[in-house]
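Taking it in order: structure first as structure tokens, then the write-up.
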Amino acid sequence: MRDLPLSPGDGALPVIDVSGLAAGGEAREDVAAGIGAACRAHGFFYVVGHGVDAALVHRLEELSRRFFAQDEATKMRWRMALGGRAWRGYFPLAGELTSGRPDWKEGLYLGTELPEDHPLVRARTPVHGPNLFPEIEGMRETILAYMDAVTKLGHRLMEGIALSLGLPSGYFAERYTADPLILFRIFNYPTQAVPQGMDVHWGVGEHTDYGLLTILHQDDVGGLQVRTPEGWIEAPPVANSFVCNIGDMLDRMTGGLYKSTPHRVTRNTSGRDRLSFPLFFDPNFEARVQRIEGLAGAQALDDSALRWDRANVHAFSGKYGDYLLAKVSKVFPQLRDEVL
Ligand SMILES: O=C(O)CCC(=O)C(=O)O
Ligand SMILES: [Fe+2]
């Protein structure tokens, strides 16, 4: 592992030390102001001082490398088809589509661990259920500890986001995230070449995320890019940081004041595989998404002509779960019948 820089260099994305969120008082307001400025500018920022143990992140990287190093047949023992409606398990290279095209990545789909006898699982609620944990010693515990730590960070960041909008810190928790929907992915972007004739251009094609806030750890390889009004910019690896970005639901709630920013990942040609861990901190599946009243400057403009999916997020009304399912059925068409 090479030494990573402490800032993204001359890129426009800010690095915010969020340790003041836990401290309270003026420090908290300062952090909130920084988050607010970043959300209004690009909807993308790095956080440091986040309190997530670096050793835990490192352990998850090691275990994930061991998982992906196995042959395809072994990994397919945890294939998504076995996860059914819970939407969990392994998908192979080119198994996920973004904007209708296969991505050059493989991954493990995970989320909040719920037992088979949990009421939501018994009610066959899509994307809820037990995980398919790889049989690698310590991986289950490490994944659970990681999701737990980053979910806690998610709650704290949402308090900061609420304050940055002039709302009480508990605004989102009271309405949407007392029991958030947490989906978590472990991605591997292999450096291997694409076979001739395959229609593959990106590690992940241009898209926005669906929920409230994505909290991403990336290793030291790089490749994440963000679309700004001035063009695409890099979001390179920064030491001990997470990259945060806003999803469609926060865009919807804030009437476009906080933008759900398009991003993509270049195809990995670095000579080393790239790992990334996005955790999606989203509204409860049953929560009805409502616009926040009285936000100055929020125009809820229809930007569908500029969006990757040609959809107008401000026209959406309903449960977050409905929004999510409509989206995921496009990226995994083979699983659509299982869930919808
Ligand atoms: O792997 C990355 O850096 C980004 C992944 C991503 O954008 C996503 O999963 O939504
Ligand atoms: Fe994304």
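Near TRP232, within a Cβ-to-Cβ distance under 10 Å, what is the net charge of the other residues, with Lys and Arg +1 and Asp and Glu -1?
Working: positive: ARG227, ARG264; negative: GLU206, GLU230, GLU234.
Charge balance in the 10 Å sphere: -1.
How large is log10 of I(q)/I(0) for the stretch 228-331 at q = 0.14, 0.22, 0.23 Å⁻¹ when the intensity is taken from the Debye formula with one equal scatterer per alpha-carbon?
Treating every Cα as an identical point scatterer, log10 I(q)/I(0) equals -0.69, -1.36, -1.42.
Protein chains only, probe 1.4 Å: how do GLU106, GLU141, GLU72, GLU230 rank by accessible area, largest first?
On the way: GLU106 15, GLU141 110, GLU72 90, GLU230 155 Å².
So the residues, ranked largest to smallest area, are GLU230, GLU141, GLU72, GLU106.
Please identify the trypsin sites (Lys or Arg not before Pro) of the stretch 115-149 that satisfy two criteria: DSSP loop assignment and at most 12 other Cβ atoms within 10 Å. Which are they?
The qualifying sites are ARG124.
Let's test the formula: R0 of 35 Å, r as the Cβ-Cβ distance of ALA145 and TRP308. What FRET efficiency results, to the nearest 0.05? Before the final figure, lay out the partial values.
Numbers: r = 34 Å, r/R0 = 0.96.
After rounding, the FRET efficiency stands at 0.55.
Evaluate E = 1/(1 + (r/R0)^6) for ASP17 and ASP117, where r is the Cβ-Cβ distance and R0 equals 30 Å; express this FRET efficiency to the nearest 0.05.
It comes to 0.10.
Efficiency by 1/(1 + (r/R0)^6): what FRET value for GLN192 and ARG291, r their Cβ-Cβ distance, R0 = 41 Å, to the nearest 0.05?
0.35
As a test of reading the structure, rank LEU93, LEU157 by solvent-accessible area (1.4 Å probe, protein chains only), most first.
Largest to smallest exposure gives the sequence LEU93, LEU157.
For the chain, what's the relative contact order in percent, using C-alpha pairs closer than 8 Å and at least 6 residues apart? Mind showing how you got there, number by number?
Working: 706 pairs, mean separation 69.0, N = 340.
Relative contact order for the chain comes out at 20 percent.
Once the other residues with Cβ under 13 Å from the Cβ of PRO92 are scored (Lys, Arg +1; Asp, Glu -1), what is the net sum?
-1
Share of Cα-Cα pairs in the stretch 1-142 beyond 28 Å, in percent?
Numbers: 4453 of 10011 pairs.
Tail fraction, whole percent: 44.
Looking at the stretch 186-272 from every direction and averaging, what is the projected area of its Cα convex hull in nm²?
With every direction weighted equally, the projected area is 6.8 nm².
Could I have the simple spin-label model distance between GLU62 and LYS152, label points 7 Å from Cα toward Cβ, reported in nm to one decimal?
Reported label-point gap for GLU62 and LYS152 is 2.1 nm.
Compare LEU144, LEU212, LEU306 by solvent-accessible area with a 1.4 Å probe and give them largest first, with all protein chains kept in place.
Ranking LEU144, LEU212, LEU306 by accessible area, largest first, yields LEU306, LEU144, LEU212.
Please work out the Cα center distance from the stretch 1-42 to the stretch 175-241, rounded to the nearest Å.
Answer, in whole Å: 19.
Go ahead and collect, in residue order, the members of the stretch 196-212 whose backbone nitrogen is under 16 Å from a label point 7 Å along the Cα-Cβ direction of LEU167.
The answer is 211-212, whose backbone nitrogens lie closer than 16 Å to the label point.
Once you compute Rg and the Kirkwood Rh from C-alpha atoms, what is the Rg to Rh ratio for the stretch 107-229?
We get a ratio of 1.01 for the stretch 107-229.
Express in nm, to one decimal, how much length is gained between GLU137 and ALA27 on full extension, taking 0.36 nm for each residue of separation and deducting their alpha carbon distance.
35.5 nm
Could you give the size of the charge dipole of the chain about its Cα centre, using +1 on the Cβ of each K and R and -1 on the Cβ of each D and E, expressed in debye and rounded to the nearest 20?
700 debye
Show which lysines lie in cross-link reach of LYS330 when reach means a straight Cα distance below 23 angstrom and same-chain residues fewer than eight apart are skipped.
LYS105, LYS259, LYS319
How compact and how long is the chain, expressed as Rg and Dmax of its alpha-carbon atoms in Å?
For the chain, the Cα-based Rg and Dmax read 19.0, 58 Å.
Count the DSSP beta bridges whose two residues both fall in the stretch 15-339, then state the antiparallel fraction as a percent rounded to the nearest 5.
Numbers: 43 of 48 bridges.
Here the antiparallel bridges make up roughly 90 percent for the stretch 15-339.
The values are calculated or read from the model by the stated rules, or taken from the named source; none is laboratory data. Predicted, not measured: the structure shown is a model, and the values here were computed from it. No Cβ is skipped: glycine too gets one built from the backbone with ideal geometry, and neighbour counts run over all protein chains shown. Areas reflect the complete protein model, heavy atoms only, side chains present, ligands, DNA and RNA absent. Shrake-Rupley method; radii C 1.70, N 1.55, O 1.52, S 1.80 Å.
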